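Trainee: Dropping a structure here in structure tokens format, bear with me for questions.
The values are calculated or read from the model by the stated rules, or taken from the named source; none is laboratory data. This is a predicted model, so every value here is computed, not measured. Virtual Cβ from ideal backbone geometry, glycine too; neighbours counted across all protein chains shown. To get the accessible areas, we keep the full protein, side chains included, count just its heavy atoms, and leave off ligands, DNA and RNA. Shrake-Rupley method; radii C 1.70, N 1.55, O 1.52, S 1.80 Å.
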Amino acid sequence: MDSALLLKYDQRVPRYTSYPTAVQFTDTVGEDQHTAWLGEIGGEGPVSLYVHVPFCEVLCWYCGCNTQVGRHQNTFESYTDLVCREIDRVAARLGARPRAAAVHWGGGTPSAIGPARMARIMEKLRQHFDFLPDVEIAVEMDPRVLSPEDIQTLTRDMGVNRTSIGVQDFDAEVQAAVNRVQPYDLVAETVENLRAGGILDLNLDLMYGLPFQARDNFGHSADLAIGLAPERMTLFGYAHVPWMFSHQKLIKENDLPNAEERLILFAEALERLEDAGYVHIGLDHFSKADSEMTIAQREGRLHRNFQGYTTDTAKTLIAFGASAISTLPGGFIQNKSAARDYMNAIKAGGLGTNRGVGLTDEDHLRSHIIERLMCDFHVDLEAVCETFDVPVDHLAGDMAKLDTLVADDLVAVDGWHVDVLPRGRMLVRMACAAFDQYHAPNPDKPAHAKAI
Ligand code: SF4
């Protein structure tokens with residue numbers, strides 16, 4: 001892709017981990033609606049569960065997650081109690097006792113509260129949900145705060161069978177510039193301990209677009225990560241949005257690669273990953289050729305949720321903890337973001353609800369189109385409209401919004417078939433935006449990271 005094209009499309013678009021996106025959430029959806037939607041969850045299909053732990057020991061300056069720095073055991077203890085109370089309250093409102101196919105722990109750093117407290121929360125989940133025998137239990141881990149004993153508790157006592165480790169970059173200068181000093185040996189030792197603990201599915205995150213990254217040093221980091229033989233890798237682009245996360249101001253903009261350099265970094269890592277046998281999945285995931293995710297992508301069964309690309313097929317996601325977002329039958333619900341606000345709301349006897357959005361039939365249609373584009377880079381609009389019982393002409397205006405992408409050979413349109421071409425793959429979100437009824441960029445108040 002040439003520089004002129006890059007600049008043309010270097011715009012701010014959602015990551016489409018949901019549709020409508022979180023920008024559409026409002027506080028007109030509150031606790032009563034939350035309660036009503038929980039009551040609509042029946043026992044038909046299994047659900048997925050998510051627990052958010054909003055604490056970290058040290059703040060990475062690139063962080064775009066909901067977290068706060070601290071090591072106060074009292075806060076951790078009371079957060080654990082309150083999440084357990086939230087689980088009790090949510091369970092009391094459910095329409096049935098659901099089965100759980102997956103439990104995902106994210107943050108923050110879940111293990112910041114200590115594995116014993118995590119085990120208490122897990123026990124509470126098991127009280128109210130029937131875990132399927134092959135339940136997937138995944139935890140995001142930080143090698144800097146994870147002892148071999150912690151790993152034993154997580155794998156042996158809690159049944160954790162999947163982990164994700166944030167590496168980002170192994171280069172010392174890059175690590176120092178983002179305040180995440182985590183030498184290769186530490187990561188390698190953690191991976192070894194996780195393998196010994198029985199973790200069969202390991203994901204490593206790399207991040208491009210950080211200060212001082214260049215083709216050679218980032219390529220070397222990719223090689224080191226590949227050498228650890230993870231089952232999956234993710235290659236995220238750093239989103240520099242200091243107006244949303246003020247700590248990102250600690251990263252000097254002059255040290256950041258520009259859009260063209262970001263593309264080179266991505267291409268460098270991509271080449272090394274593909275040479276090593278990883279298959280590029282969706283926008284930013286890579287998995288081994290024989291993995292479940294690669295097979296799901298090939299068969300059109302890949303999905304996208306708040307954790308990114310997933311093979312999880314559960315339609316309902318019940319999320320607990322500060323800022324956690326649930327996908328319920330009627331819409332999305334998000335808990336209060338700040339840990340203190342969330343904890344106060346639970347102490348006051350509530351569910352911690354902050355805001356949300358109800359889903360219309362139109363949202364379901366567009367959500368499906370956007371998910372297929374993000375996962376398959378292809379969508380047959382005629383077939384989708386037939387499923388949703390809508391005349392396909394309904395989408396004529398949206399198709400017209402693809403004209404520029406088509407003229408630039410980034411997208412191909414054949415009748416009602418839309419294909420994102422290989423050279424347009426990094427810009428798939430631009431194609432999705434054509435079908436997003438709510439996307440109205442406001443340059444004075446940007447709500448999303450740039451497309452590249
Ligand atoms: S460990 Fe993760 S959540 Fe915590 S500060 Fe770093 S990037 Fe943010």
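Trainee: Given a Förster distance of 56 angstrom, what is the FRET efficiency for Arg340 paired with Arg298, based on the Cβ-Cβ distance and rounded to 0.05?
Mentor: It comes out at approximately 0.75.
Trainee: For the chain, report the accessible area per residue in Å² (1.4 Å probe, heavy atoms, rounded to an integer).
Mentor: I get 42 Å² per residue for this part.
Trainee: Now, a different point. Positive end of the dipole of the chain, charges at C-beta (+1 Lys, Arg; -1 Asp, Glu), about the Cα centre: which of Cys385, Thr17, Thr353 has its Cα farthest in that direction?
Mentor: Value computed over the given set: Thr353.
Trainee: Can you give the net charge of the other residues whose Cβ lies under 10 Å from the Cβ of Gly424, counting K and R as +1 and D and E as -1?
Mentor: -1
Trainee: Ok, one more. Over 20 Å intervals from 0, what percent of Cα-Cα pairs in the chain sits in each interval?
Mentor: So the P(r) values, bin by bin, are 24, 60, 16, 0.
Trainee: Counting only protein heavy atoms and a 1.4 Å probe, tell me what percentage of the chain's accessible area is made up of carbon and sulfur. All intermediate terms of the calculation are to be shown ahead of the outcome.
Mentor: Details: 9390 of 18950 Å².
Result for the chain: 50 percent of the exposed heavy-atom area is carbon or sulfur.
Trainee: Suppose each label sits 7 Å from its Cα in the direction of the beta carbon; what would the Glu77-Ala176 distance come out to in nanometres?
Mentor: 4.0
Trainee: Here's a follow-up. Is the shape of the stretch 56-183 rounded, prolate or oblate, going by the alpha carbon gyration tensor and its root eigenvalues a ≥ b ≥ c, with a/c under 1.5 for rounded and a/b larger than b/c for prolate?
Mentor: prolate
Trainee: If one computes the Cα centroid of the stretch 286-316 and of the stretch 382-430, what distance in Å separates the two points?
Mentor: Here the two parts' Cα centres lie 22 Å apart.
Trainee: Apply the Karplus curve 6.51 cos²θ - 1.76 cosθ + 1.60, θ = phi - 60°, to the phi angles in the stretch 274-291 and return the couplings in whole Hz, x for Gly and Pro.
Mentor: Along the stretch 274-291, the couplings run 5, 4, 7, x, 7, 9, 6, 10, x, 6, 9, 9, 9, 9, 5, 4, 9, 7 Hz.
Trainee: A further question on this structure: Using a simple charge model, +1 on the beta-carbon of Lys and Arg, -1 on the beta-carbon of Asp and Glu, nothing else, what dipole does the chain show about its Cα centre, in debye to the nearest 20?
Mentor: The calculated dipole for the chain is roughly 1460 debye.
Trainee: Taking every DSSP beta bridge that has both residues in the chain, what percent is antiparallel when rounded to the nearest 5?
Mentor: Once the DSSP bridges in the chain are tallied, antiparallel ones form about 45 percent.
Trainee: May I pose another question? So, in nm, how far is label Glu261 from label Ala229 when the simple model puts each one 7 Å beyond its Cα toward the Cβ?
Mentor: In this crude spin-label approximation the distance works out to 3.6 nm.
Trainee: Using only Cα atoms, what is the ratio of the radius of gyration of the stretch 317-452 to 2.2 N^0.38 Å?
Mentor: Cα Rg divided by the expected 2.2 N^0.38 Å: 1.29.
Trainee: Can you give the relative contact order of the stretch 22-358 as a percent, counting alpha carbon pairs under 8 Å and 6+ residues apart?
Mentor: Value for the stretch 22-358: 22 percent.
Trainee: In the stretch 263-285, whose amide N lies under 19 Å from the spot 7 Å out along Cα-to-Cβ of Ala188? List them in ranges.
Mentor: none
Trainee: Return the equivalent ellipsoid semi-axes of the stretch 170-310 as a descending list in whole Å, where each equals the square root of 5 times an eigenvalue of the C-alpha gyration tensor.
Mentor: Each semi-axis is the square root of five times an eigenvalue, giving 26, 19, 15 Å.
Trainee: PRE reach from Gln127 (point 7 Å along Cα→Cβ): which of the stretch 64-90 fall under 13 Å by backbone N?
Mentor: 81-90
Trainee: Quote to one decimal, in nm, the extra length available between Val241 and Arg215 on full extension: 0.36 nm per residue of separation minus the C-alpha distance between them.
Mentor: So the extension gain works out to 7.0 nm.
Trainee: Going through the cross-link list Lys288/Lys401; Lys288/Lys315; Lys315/Lys336; Lys315/Lys347; Lys124/Lys315, which pairs have a Cα-Cα distance over 28 Å in this structure?
Mentor: Check vs 28 Å cut-off fails for Lys288/Lys401; Lys315/Lys347.
Trainee: Using a Förster distance of 35 Å, how high is the FRET efficiency between Glu382 and Leu421, based on the Cβ-Cβ distance and rounded to 0.05?
Mentor: 0.95
Trainee: Given R₀ = 22 Å, what would the calculated FRET efficiency be for Ala36 paired with Ala96, taking r from the Cβ atoms and rounding to 0.05?
Mentor: With R0 = 22 Å, the Cβ-Cβ based efficiency is 0.90.
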